[in-house]
Amino acid sequence: MSSDKNQLLGAIIGDVVGSPYEHHNIKSKEFKLFSRRSSCTDDTVMTIAVAEALMEAEKQGALDREETVKELVDASMHKWGYRYPYAGYGGTFVAWLDHEIEGPYNSWGNGSAMRVSPAGWIAEDMERVRAIARWTAEVTHNHPEGVKGAESVAAAILMARQGASKEEIKDYIVSEFGYNLDRTCDEIRPDYRFDVSCQGSVPESIIAFLEGEDFEDTIRNAISLGGDSDTIAAIAGSIAGAFFEIPEEIVNKCLDRVPAEMKDVLSDWYNR
């Protein structure tokens, strides 16, 4: 089982490792994990934003929907979005950041799932984790598929860190969310194309985790599928980081590419 000190790094590592391959897909597991082009993208920026918002809501003594949404919308997501304006956000999310769109915009995109991992670590029971995941999604991604994507990933993280087997995680996700997890990476890979929807990327990400022999193998599975590589790897990595130990060398190489102010948030998260 993963060490608590690496709680949010699974998603961030997946994002950093996948970043060079988002627009230059590689349909193979044989690739260099880190290169000069490896960097944090919007997946990491918004994961940090969600972590900070949940911590602030917790400090106010009210980790409820109202306080969480207030911290997400009024503080963290806009603040971090403005600090990193070229991180690779989708066009509609940029309009939301710029206040051209007020309120949620019925998105089913995988942005809700890529940023949700803090929700999987901040509570200990499934009902609570799914509620918090839902709140983090609904500020933008209030379409049922957007919410489902976030809830399913947070649920898998909770189960993984509490010692559930892969089969138990798979059975729960299938029964609760209806995703088809009976495909294999080899079956998905040949025809899989860029798909930013939750319904077209979250199941694939979970399958990459279910087939992973260890943390690194999970990340390689995810990126080898192609498509929205950094986000698929971030989602798969967020679950794998709760299930497997993350090799120290991979942690260190990733942290070398994470800005200091983001590492400060990670430090606050681990020390809270």
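The values are calculated or read from the model by the stated rules, or taken from the named source; none is laboratory data. Given the structure is predicted, the values throughout are model-derived calculations rather than measurements. Glycine also receives a Cβ, built like all others from the backbone with ideal geometry; neighbour counts cover every protein chain displayed.
Below are the figures for this structure:
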{"quantity": "Residues being touching a residue at least 24 places away in the same chain (Cβ under 8 Å) and within 15 Å of Thr136 (Cα to Cα) - total across the range 58-79", "calculated": "9"}
{"quantity": "Residues that are surrounded by 11 or more Cβ atoms within 10 Å (Cβ to Cβ) and either assigned to a loop (DSSP other than H, G, I, E, B) or not aliphatic (A, V, I, L, M) (or both), drawn from the range 169-181", "calculated": "Lys170, Asp171, Tyr172, Glu176, Phe177, Gly178, Tyr179, Leu181"}
{"quantity": "Flag if Ser175 is under 20 Å from Glu22 (Cα atoms), of a type in the set (Ser, Thr, Tyr) and at pLDDT 95 or above", "calculated": "no"}
{"quantity": "Residues of the range 84-93 satisfying the condition of being without any contact (Cβ under 8 Å) to a residue 12 or more places away in the chain and either surrounded by 14 or more Cβ atoms within 10 Å (Cβ to Cβ) or part of a helix (DSSP H, G or I) (or both)", "calculated": "Gly91"}
{"quantity": "Exclusive hit being among the polar types (S, T, N, Q), closer than 27 Å to Arg193 by Cβ, surrounded by fewer than 23 Cβ atoms within 10 Å (Cβ to Cβ) and out of contact with any Phe, Trp or Tyr (no Cβ under 6 Å at 6 or more places or on another chain), set Ser35, Ser19, Ser112", "calculated": "Ser35"}
{"quantity": "Counted residues, the range 220-241 - those being over 12 Å from Asn110 (Cα atoms) and among the charged types (D, E, K, R)", "calculated": "1"}
{"quantity": "The listed residue being in contact with a helix residue (DSSP H, G or I) (Cβ under 9 Å, 6 or more places away or on another chain), within 18 Å of Ser112 (Cα to Cα) and in contact (Cβ under 8 Å) with a residue 12 or more places away in the chain, out of Asp214, Asp195", "calculated": "Asp195"}
{"quantity": "Residue within the range 192-202 that is closer than 29 Å to Tyr270 by Cβ and part of a helix (DSSP H, G or I) present", "calculated": "yes"}
{"quantity": "Neighbours by Cβ (under 8 Å, 6+ apart or cross-chain): first from the range 176-191, within 15 Å of Ala156 (Cα to Cα); second among the charged types (D, E, K, R) and in a helix (DSSP H, G or I)", "calculated": "Phe177/Lys148; Phe177/Glu151; Leu181/Lys170"}
{"quantity": "Number of the condition not met by Tyr172 [criteria: (1) in contact (Cβ under 8 Å) with a residue 24 or more places away in the chain; (2) farther than 22 Å from Asp64 by Cα]", "calculated": "(1)"}
{"quantity": "Residue among Ala164, Ala119, Ala137 that is of a type in the set (Gly, Ala, Ser) and more than 28 Å from Tyr21 (Cα to Cα)", "calculated": "Ala164"}
{"quantity": "Looking only at the range 159-168, and only at residues there that are free of Cβ contacts under 8 Å to residues at least 60 places away in the same chain and assigned to a helix (DSSP H, G or I), the one that is nearest to Asp74 (Cα to Cα)", "calculated": "Met159"}
{"quantity": "Residues being closer than 14 Å to Leu8 by Cα, charged (D, E, K, R) and touching a Ser or Thr at 6+ places or on another chain (Cβ under 9 Å) - total across the range 226-272", "calculated": "1"}
